[in-house]
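Below: the structure, in structure tokens.
No lab work stands behind these numbers, since they all come straight from the coordinates. Everything numeric in this text was worked out from a predicted model, so none of it was measured. Cβ atoms come from the backbone with ideal geometry, glycine included; neighbour counts cover every protein chain shown.
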Amino acid sequence: MTYQELLLDAIKYDEEKLAYSVYWLIKNKVVKGTQYSHGVNWDQVNHAEVQAMREQNELNLNPIKLFSVPMGNNRHMLIFAKDELSARGHYLNETNELPPKIFNISNDMDKSFWFPDKNKNQSLRELKDATLMFPATAMIFEKG
């Protein structure tokens, strides 16, 4: 995999830190985008500059995160939102209640669930990619 491909994958999978670190390496000519990315030396990255680029949003990224809100009776609402505040507001709009707790579970984006109405398994990432507006309810499920 080249650095360009690694950068594109990092953006596609909402790996913001990785995307900016690879972008920094290419931008500062530490590596070439067409070079293979095996054995990356992350010590070469200036992490303070990477953080500044993230804060300035140089890559114009708007990663959508996944949040879980317990609803009681082993039910949970999963919400796609850009941040916790948006997820809290969405939960309030949907239930007329403030969320008791909220958890960022973005690392679980690749978990799959069976959807009987579609007659297939789908990952949360696939659901997110098919969603047009955020914040949005991904699903409500019973944890059992």
Total formal charge among the other residues, if their Cβ is under 14 angstrom from that of residue 114, Lys/Arg +1 and Asp/Glu -1
0
Could you work out how much longer the chain between residue 104 and residue 137 gets when fully extended? Use 0.36 nm per residue separation minus the Cα distance between them, nm to one decimal.
10.5 nm
Exposure proxy ranking, count of Cβ atoms within 10 Å, fewest first, for 24, 42
42, 24
If one takes the longest principal axis of the Cα atoms in the chain, at what angle in degrees, from 0 to 90 and to the nearest 10, does the Cα axis of helix 16-27 lie?
20
J(HN,Hα) series, segment 99-116, from Karplus relation 6.51 cos²θ - 1.76 cosθ + 1.60, nearest Hz, glycine and proline x:
x, x, 8, 9, 10, 7, 10, 4, 5, 9, 4, 8, 5, 10, 9, 7, 10, x
So how do 68, 123, 86 line up by other beta-carbon neighbours within 10 Å, fewest first?
123, 86, 68
Starting from one equal scatterer on each C-alpha and no solvent at all, send me the Debye-based log10 I(q)/I(0) for segment 3-56 at q = 0.23 Å⁻¹, two decimals.
-0.85
For Rg and Dmax of the Cα atoms in Å the list reads [x] 16.6, 57; [y] 19.4, 55; [z] 18.2, 54; the calculated value is entry [z]
Computed ³J(HN,Hα) along segment 60-75: with the Karplus parameters 6.51/-1.76/1.60, θ = phi - 60°, integer Hz and x for glycine or proline, the list is 6, 8, 10, x, 9, 9, 10, 10, 10, 10, x, 10, x, 6, 6, 9
Name the residues whose placed amide hydrogens come within less than 5 Å of the amide hydrogen of residue 71, ignoring near sequence neighbours (fewer than 5 apart) on the same chain.
76, 77
Can you put 53, 1, 133 in order of Cβ neighbours within 10 angstrom, beginning with the fewest?
133, 1, 53
